[in-house]
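The values are calculated or read from the model by the stated rules, or taken from the named source; none is laboratory data. These figures come from a predicted structure and were not determined experimentally. Here the Cβ positions follow ideal geometry from the backbone for every residue, glycine too, while neighbour counts run over all protein chains shown.
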Amino acid sequence: MSSLLNAVEPSTPQTNNPTHHYRNPPQDQPTAQDQPITAEVITQNTPTIPTEIAEKYVTFHNDVNSVSLGNLGALEANLLFAIFNKLKDKEDETLVFEAEDIRAMIGIKTKVSLENLSKIVEKFWKNIKAASFWALYPYAKENIMLFRKLRINYHDTKKTQVKSMEIQVNTPYFGYLLNYLHGNFTYFELLEFQNISGKYAKTLYRLLKQWKSTGVPPKMEWGKFRELMGISSSYTIGELEMQILKPAAQELQKLPHFENLCYKKIKTKGMGNRITHIQFYFEPITKTSKDREQAKRDIRTIAWKIRSEKAVKQLKHSMEQAKQTKLDKDMQEVIDMAFYKPQDPSVVLVVDGIQPAKDGYEILVKYYREGKEFQAKSAVLANKETFLTAMTKGGYQIVESQAQQLHTPKQPQATSSNNDLTEYIGRNLYMNNNGISASLKITDIAHIENGKVRVDIKDIDKPRKTLNPFILDNVKHFKSWFKKYKE
């Protein structure tokens with residue numbers, strides 16, 4: 001397999017990215033304002049663009065790609081690189097662009113009003129002033145602008161009808177970015193760049209085009225990538241990928257050599273689960289058809305491998321989600337379950353609530369005596385099986401019937417069964433208390449001391465809900481009461 005395919009391995013790809021050594025003038029020598037600052041560069045083997053096609057292409061020093069231009073919108077980016085194309089090899093000459101020139105340079109086919117054109121130009125002026133080109137001089141502290149002159153002329157005093165722009169590169173500081181480049185430069189077709197939709201796709205296109213001869217840019221530190229792309233720190237990883245990275249990649253995949261563009265987010269050992277770098281792969285520009293076919297096969301293999309890794313991760317995630325869903329469902333079955341200890345049946349323990357916790361589920365239980373809550377406790381357990389095992393070890397048994405759960409251990413024991421009232425067991429009642437209605441079922445009837453009658457009931461809609469029994473004075477009272485509330 002070729003070197004392109006090998007680049008997907010963990011080792012860092014070799015890069016021909018130039019390293020710049022900027023000279024700081026000694027303290028006893030004239031400063032930069034007095035003499036040009038030169039940039040010594042290690043050149044890369046990039047061919048000079050033929051003169052006959054140079055007008056179609058934007059050409060600039062690779063240093064431009066190390067400056068964050070992410071604040072520029074799509075139309076402003078079109079304008080900047082069209083200006084770069086016009087300023088190529090013009091040294092410090094001031095160029096004037098009329099309104100019609102500006103309309104053509106922003107890459108919109110429909111006619112733009114002077115008012116809207118003014119807004120685009122003013123936004124461009126504001127954002128290009130803020131671009132950190134001074135960062136190209138790491139041993140100096142000065143806000144150095146890319147353009148020595150950027151003048152906007154208007155037809156009106158309110159400055160709403162743009163007339164022209166005057167542009168001059170800030171030489172000697174940045175003249176090297178656009179003048180007489182024979183190596184160490186990036187170039188691309190201006191029209192192709194203008195036709196790309198979206199500012200993030202345009203920025204990604206420009207950054208990748210520097211490495212068109214290899215198809216494997218050096219992996220980029222994640223924070224630096226976000227900075228160069230102009231991505232706000234407010235975006236989460238998921239939002240960034242779904243709203244910016246994937247749409248930008250899909251836009252570029254419409255272009256030759258980017259059809260199989262793919263990327264891989266990289267995590268570094270010892271850095272936890274944090275993404276530290278991003279690596280892109282695309283089909284390089286090759287000289288022969290044989291090399292071109294090999295490059296296509298290689299990039300497709302890399303893309304397949306990246307997609308496979310993502311598919312495996314997604315499958316594992318889906319399996320974990322399914323497992324968690326089953327655990328959640330099992331735990332929901334525990335809610336409202338009731339338990340008691342045979343040696344003390346007067347106390348009933350009821351599971352009142354469950355919520356996810358770090359090591360499983362936090363289970364809230366409430367204790368009832370004679371239908372009244374007197375205590376509540378919570379504990380974290382891994383799953384339903386663990387909970388039931390803990391209850392068994394604690395000597396608890398599951399309450400099998402409503403009568404057993406709610407009333408049998410709570411009230412004075414019945415002295416005898418009233419056979420005359422057994423026909424009422426299982427009958428339904430309907431009651432309305434302060435506007436709250438309830439449907440009840442009689443579960444048991446028994447005589448207790450002093451001729452009184454105890455009626456055990458349950459809520460039909462909430463069968464596990466603890467309800468106190470009704471105590472009626474005598475059988476006659478019971479029959480009158482039943483007649484009043486029967487359904």
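Values computed for the structure shown
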{"read-out": "Search result, residues across the range 449-466 that are under 52 Å from the mean Cα position of the chain (by Cα) and at pLDDT 80 or above", "value": "LYS458, ASP459, ILE460"}
{"read-out": "Residues satisfying the stated conditions in the range 357-373, i.e. modelled with pLDDT under 85 and within 17 Å of VAL347 (Cβ to Cβ)", "value": "ARG369, GLU370, GLY371, LYS372, GLU373"}
{"read-out": "In the range 130-164, the residues that are in contact (Cβ under 8 Å) with a residue 40 or more places away in the chain and of a type in the set (Ser, Thr, Tyr)", "value": "SER132, TYR137, TYR139, THR160, SER164"}
{"read-out": "Residue satisfying all of: in the range 232-280; surrounded by 18 or more Cβ atoms within 10 Å (Cβ to Cβ) and under 15 Å from ARG206 (Cβ atoms); farthest from the chain's Cα centre (by Cα) among these", "value": "HIS257"}
{"read-out": "Matching residues in the range 131-140 - criterion: being part of a helix (DSSP H, G or I) and surrounded by 14 or more Cβ atoms within 10 Å (Cβ to Cβ)", "value": "PHE133, TRP134, LEU136"}
{"read-out": "Subset of the range 232-260 (residues that are within 25 Å of LEU191 (Cα to Cα) and either assigned to a loop (DSSP other than H, G, I, E, B) or among the acidic types (Asp, Glu) (or both))", "value": "GLU251, GLN253, LYS254, LEU255, PRO256, HIS257, PHE258, GLU259, ASN260"}
{"read-out": "In the range 426-436, residue nearest to the chain's Cα centre (by Cα) [restricted to those that are closer than 25 Å to ALA338 by Cβ and surrounded by fewer than 18 Cβ atoms within 10 Å (Cβ to Cβ)]", "value": "ILE436"}
{"read-out": "Test result for TYR187, in a loop (DSSP other than H, G, I, E, B) and modelled with pLDDT under 95", "value": "no"}
{"read-out": "In the range 449-479, residue nearest to LEU421 (Cα to Cα) [restricted to those that are among the β-branched types (Val, Ile, Thr) and surrounded by fewer than 17 Cβ atoms within 10 Å (Cβ to Cβ)]", "value": "VAL475"}
{"read-out": "The one condition in (1) free of Cβ contacts under 8 Å to residues at least 40 places away in the same chain; (2) surrounded by fewer than 19 Cβ atoms within 10 Å (Cβ to Cβ) that ARG226 fails to fulfil", "value": "(2)"}
